[in-house]
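Just so it is clear, none of the values below were taken in a lab; they were calculated from the coordinates. For clarity, every value in this text was computed on a predicted model and none was experimentally measured. Every residue, glycine as well, gets a Cβ built from its backbone with ideal geometry; the counts of neighbours run over all protein chains shown.
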Amino acid sequence: MGISIVITSGKGGVGKTTTTANISTVLASLGKKVCMVDLDIGLRNLDSVLGLTNRVVYDIVDVAQGRVVLSQALVRDPKFEDNLYLLAASQFTDKYALDQTSLESIISYLKQRFDFVMIDCPAGIEYGFQNAVTVADGALVVTNPEIASVSDADRVVGILENMSMPITPHLIINRVRKNMINNGTSMKIDDIVNHLGIPLLGIVIDEDEVIAASNSGHMVVLDDKSNAGHSYRNIAHRMLGENIPLDILSETKKTGFLGRIFGRNN
Amino acid sequence: MSDVTLKGSKDGYVMIISDQGNFSNSLKELKKLIANQNVGSSEEEVIQVTIKTGNRLLTDEQVKELKTLFSEYPEIEIKSIDSEVEAKSSIENLIKSSQMNIEAGIVRSGQKLEYDGDLLFLGTLHEGAHISATGSVFIIGDVHGVVQAGYPDNTGVAICGNLIGAAQLRIADVIEIATEDNADKFKDNSFAYLDDLHTINVEDIQNYREIIKDSRKRTV
């Protein structure tokens, strides 16, 4: 029996979808069975980030409304043998097309078949969000080191705590700017963690490669040289219970000339 | 003159129910007529009868009555019920399904356009968008989304023209997904159709006439 984890943030544009795609990819490459579920009905893009758009034939609303069975709607990512699947959101209906009961049965079926059911939550805290968080066993709250994002994350953490999930929500701080940390103009990681009061699972550096990879339908975690990719890999390992020290400096390490020649072993 | 006439033709027996008479009276006459024919159980073969209703279109109810009447005579079977006239609504559908639609705008992600008949697509189909026609689709514009022809089950149609960049081609119930492996199949000046294995095949547009003729033969 697997677990379902919702990736949420409150605010839009902080990197929920990228985070979902990258962490799921790492978990799958580590041999876990992973199914990603896109619940951003009407504004789906997990499929494009993964480069799977072409393969989507049926979506979660088709399953919920009984037009197809669940296994017909699962899109397999051919890059990861039999480990990584996507259940796409519907692009042609609105969010009310998916009701709580059918979503619950879909997720509970997926949990029997997969180790991890990673749920990409829509932005906001309305219907779609409510649906997504009620079917999750745990949550990853994604935030950026900026005041608007942290304050929305705070609101979300409050809602999540009231729901008493089996697994406590964990925090991922995304889009951390190296230069701003170095010259002290960014919000401090410690301050954010203290403010939100939930365990920190990892921080991810803001990097051009992340966007470049998404645009080409590849995952930045498959790029050995990327700092962000490294951070996502660490996050996935921590999710599997490995004790990887959370060293902000190493995640934000600048690689010198020699480092680039001899490869990066961080 | 009686309301019901029985005729033999080279295609078998024809029963003509006059469109002038009262229908329930005609049914009674029909019953008498069948009884008079003395069709016995000695006949091995079931007799096929075409029923012609002239300038009268039978309602579903009347067709049912007619069928119930015939169910009493297992040795006679209705081959078809033909009328000289057609309901306006079915004519409208017929016209719709044979018309050529022209779409020239941008179809954006999340939009789904459906057409009765053929579609001439001059616009741009964005990723995540969907165009669907009951007939063939002819693409002169750019497509990056899902293009569907022959919805839901018309196999004798094609998707023609510029197939470059389409995410999926769908014909009737068959779906072809564009992947790295088959990307070179999705060319300009080509057309996609259902071959005799019921899979989507792409050919050069020059061969359209011949191949579609074959494919329609299979359908009929």
Quick calc, the range B:4-85, dipole around Cα centre from Cβ unit charges on Lys, Arg (+) and Asp, Glu (-), nearest 20 debye, gives 280 debye
So which of B:Lys28/B:Lys67; A:Lys33/A:Lys79; A:Lys95/B:Lys112; A:Lys178/A:Lys225 end up more than 19 Å apart, counting from Cα to Cα?
none
Residue among A:Ile125, A:Tyr85, A:Leu160 farthest towards the positive dipole end of chain A, charges placed on Cβ:
A:Tyr85
Please report, in debye to the nearest 20, how large the charge dipole of the protein assembly as shown is about its Cα centre when each Lys and Arg carries +1 at its beta carbon and each Asp and Glu carries -1 there.
900 debye
Go ahead and run the numbers for FRET between B:Ser83 and A:Thr185, Cβ-Cβ distance against an R0 of 51 Å, rounding to 0.05.
0.05
In peptide A:137-146, what is the residue-averaged number of other protein chain Cβ atoms found within 10 Å of each Cβ?
0
For B:Lys213, go through the lysines and keep the ones whose alpha-carbon is under 27 Å away, minus same-chain ones fewer than eight residues off.
B:Lys96, B:Lys185, B:Lys187
Amide H contacts under 5 Å for B:Val143, restricted to residues at least 5 apart in sequence or on another chain and with H modeled in the peptide plane, are B:Leu125
Once you charge only the Cβ atoms, +1 for Lys and Arg and -1 for Asp and Glu, what is the size of the charge dipole of the range A:13-134 about its Cα centre, to the nearest 20 debye?
280 debye
Can you give me the long-range amide H partners of B:Asp19? Hydrogens built in the peptide plane at 1.01 Å from N, cutoff under 5 Å, separation of 5 or more residues or another chain.
B:Asn55
Inter-chain shielding metric for A:45-57, i.e. average beta-carbon neighbours from other chains within 10 angstrom, reads 4
